[in-house]
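The values are calculated or read from the model by the stated rules, or taken from the named source; none is laboratory data. This is a predicted model, so every value here is computed, not measured. Cβ coordinates were reconstructed from backbone atoms using ideal geometry, including for glycine residues, and neighbour counts include every protein chain displayed. Accessible surface areas use protein heavy atoms only, side chains included; no ligands, DNA or RNA. Shrake-Rupley method; radii C 1.70, N 1.55, O 1.52, S 1.80 Å.
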Amino acid sequence: MTTVRNVVILGSTGSIGVSTLDVIARHPSRFKVLAVTAHRQIDRLYEQIVAFRPQYAVVVDAQAAKQLEARLREAGMRTAVLSGEKSLEEVAAH
């Protein structure tokens, strides 16, 4: 039996983050996305949240985080949206 590993993707909207999520999508029995993070690219981050349903999303830019949170609530998504560098450090510690 394979253990499912929780993964935090730092910079999930960049090319390396997108590639990493592609690998994770190919192995859903091995990996679960715990958190995704971005600086302010919320359109792509929103798509990733819908696809992977992480527990947390961190957006460094506070205004962009508020916009993302409003969009997620409208869609009925339960992902907790955090903002700021401190929040980024906290999810990275997972």
Residue pairs qualifying under the 6 Å Cβ cut-off, at least six apart or on distinct chains, with the first in the stretch 69-94 being of a type in the set (Lys, Arg) and the second being surrounded by 10 or more Cβ atoms within 10 Å (Cβ to Cβ), are Arg71/Tyr46
With the condition kept exactly as written, say whether any residue in the stretch 76-84 is touching a strand residue (DSSP E or B) at 6+ places or on another chain (Cβ under 7 Å) and farther than 24 Å from Val4 by Cβ. yes
Note on the stretch 34-84: residues open to solvent by 90 Å² or more (accessible area, probe 1.4 Å) and either more than 22 Å from Ile16 (Cβ to Cβ) or touching a Phe, Trp or Tyr at 6+ places or on another chain (Cβ under 8 Å) (or both) are Gln63, Lys66, Gln67, Arg73, Glu74, Arg78
When you look at Ala25, is it farther than 24 Å from Thr2 by Cβ and small (Gly, Ala, Ser), yes or no? no
Determine the pairs where a residue that is part of a helix (DSSP H, G or I), located within the stretch 39-56, has a partner that is open to solvent by 70 Å² or more (accessible area, probe 1.4 Å) with Cβ atoms under 8 Å apart, the partner being 6 or more residues away or on another chain. Ile42/Gln67; Ile42/Arg71; Tyr46/Arg71
Out of (1) open to solvent by 40 Å² or more (accessible area, probe 1.4 Å); (2) out of contact with any Ser or Thr (no Cβ under 8 Å at 6 or more places or on another chain), what's the single condition that is false for Thr13? (1)
Inspect the stretch 59-76 for any residue being under 10 Å from the mean Cα position of the chain (by Cα) and not acidic (Asp, Glu) and give the result as yes or no. yes
Looking at the stretch 19-33, which of the residues that are of a type in the set (D, E, K, R) and either out of contact with any strand residue (DSSP E or B) (no Cβ under 6 Å at 6 or more places or on another chain) or in a loop (DSSP other than H, G, I, E, B) (or both) is most open to solvent (accessible area, probe 1.4 Å)? Arg26
